[in-house]
Amino acid sequence: MKELKERILIDGEILGDDVLKVDRFLNHQIDPQLMQAIGNEFATRFKAEPITKIVTIESSGIAPAVFAGLKLNVPVVFARKHKSVTLGDNLYCASVYSFTKGVTNNIVVAKNFIEANDHILLIDDFLANGEAAMGLMEICYQAGASIAGIGIVIEKSFQPGREKIEKTGIQVESLARIKAFENGTVTFVNGEEK
Ligand code: 5GP
């Protein structure tokens, strides 16, 4: 997605060898117009699927997921990273190692928000090692729901997440696919200019 890639080149900051900071439009301050365009793009890419619900993970997946939900006219559920007292015990749970924070979280979704007849689109902000995406997939399978695909805003294609998901046969659609961080700049995977 051209608009997103241009924004990454303008506002993205490379931290260390493999982290991209996009606090100006996605991870801290949010650009609603860009998020809406992103949500619309996800809706277009998965239009062939009879999606009943979107599931994402707090907090940075929520903005793009809500705009996709608006376009597809389906509810959006976000997995929580901490079990709050209001959630109760009737939960689907998966363990996810956080690449950026170096900790393992149990992500949870209340059982009444995913049903066996749901056909779910998963959305997240980044795809790195695939931990968050695999955790979300596990939660859907615990509920007996089917998965329409996974929509990712920014994929770091030099990390193994996409390969892991593709092995499961699930469709992955990433709106920006980063090939490498070279000499302080971001380069994108060739041939996916959309
Ligand atoms: P994974 O689970 O695929 O290893 O990593 C995805 C999760 O880690 C995303 O939900 C995202 O929050 C975080 N993440 C991974 N890599 C990056 C990165 O380069 N920049 C930012 N801002 N978050 C990242």
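The values are calculated or read from the model by the stated rules, or taken from the named source; none is laboratory data. Because the structure is a prediction, the values reported are computed rather than measured. Using ideal geometry, Cβ is built from the backbone for each residue, glycine included, and neighbour counts are taken over all protein chains shown.
Here is a check on your reading of the model: is Val109 within 16 Å of the ligand (Cβ to nearest atom), over 25 Å from Phe46 (Cα atoms) and aliphatic (A, V, I, L, M)?
For Val109, the condition - within 16 Å of the ligand (Cβ to nearest atom), over 25 Å from Phe46 (Cα atoms) and aliphatic (A, V, I, L, M) - is not met.
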For the range 74-122, which residues satisfy the criterion of being over 30 Å from Gly16 (Cβ atoms), hydroxyl-bearing (Ser, Thr, Tyr) and at pLDDT 90 or above? Tyr92
Asn190 - would you say it is modelled with pLDDT of 95 or more, more than 19 Å from Ile62 (Cα to Cα) and in a loop (DSSP other than H, G, I, E, B)? no
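To keep it simple, each residue is scored yes or no on (1) touching a Phe, Trp or Tyr at 6+ places or on another chain (Cβ under 8 Å); (2) farther than 24 Å from Ala43 by Cβ; (3) more than 11 Å from the ligand (Cβ to nearest atom); (4) in contact (Cβ under 8 Å) with a residue 60 or more places away in the chain.
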{"position": "Gly88", "(1), (2), (3), (4)": "no, yes, yes, no"}
{"position": "Ala94", "(1), (2), (3), (4)": "no, yes, yes, no"}
{"position": "Leu121", "(1), (2), (3), (4)": "yes, no, yes, yes"}
{"position": "Leu136", "(1), (2), (3), (4)": "no, no, no, yes"}
Which one of these is under 13 Å from Ile57 (Cα atoms), in contact with a Leu (Cβ under 8 Å, 6 or more places away or on another chain), among the hydrophobic types (A, V, I, L, M, F, W, C) and crowded, with 17+ Cβ neighbours inside 10 Å: Ile178, Ile139, Ile107? Ile107
Can you name the number of the only condition in (1) out of contact with any Lys or Arg (no Cβ under 9 Å at 6 or more places or on another chain); (2) of a type in the set (Val, Ile, Thr); (3) surrounded by fewer than 20 Cβ atoms within 10 Å (Cβ to Cβ) that Ile147 fails? (3)
Inside the range 14-63, can you point out the residues that are near the ligand (Cβ under 10 Å from one of its atoms), more than 14 Å from the chain's Cα centre (by Cα) and at pLDDT 95 or above? Ile14, Leu15, Val19, Leu20, Lys21, Val22, Asp23, His28
Within the group Phe126, Phe158, Phe188, which residue is surrounded by fewer than 20 Cβ atoms within 10 Å (Cβ to Cβ) and either under 11 Å from the mean Cα position of the chain (by Cα) or closer than 21 Å to Ile38 by Cα (or both)? Phe188
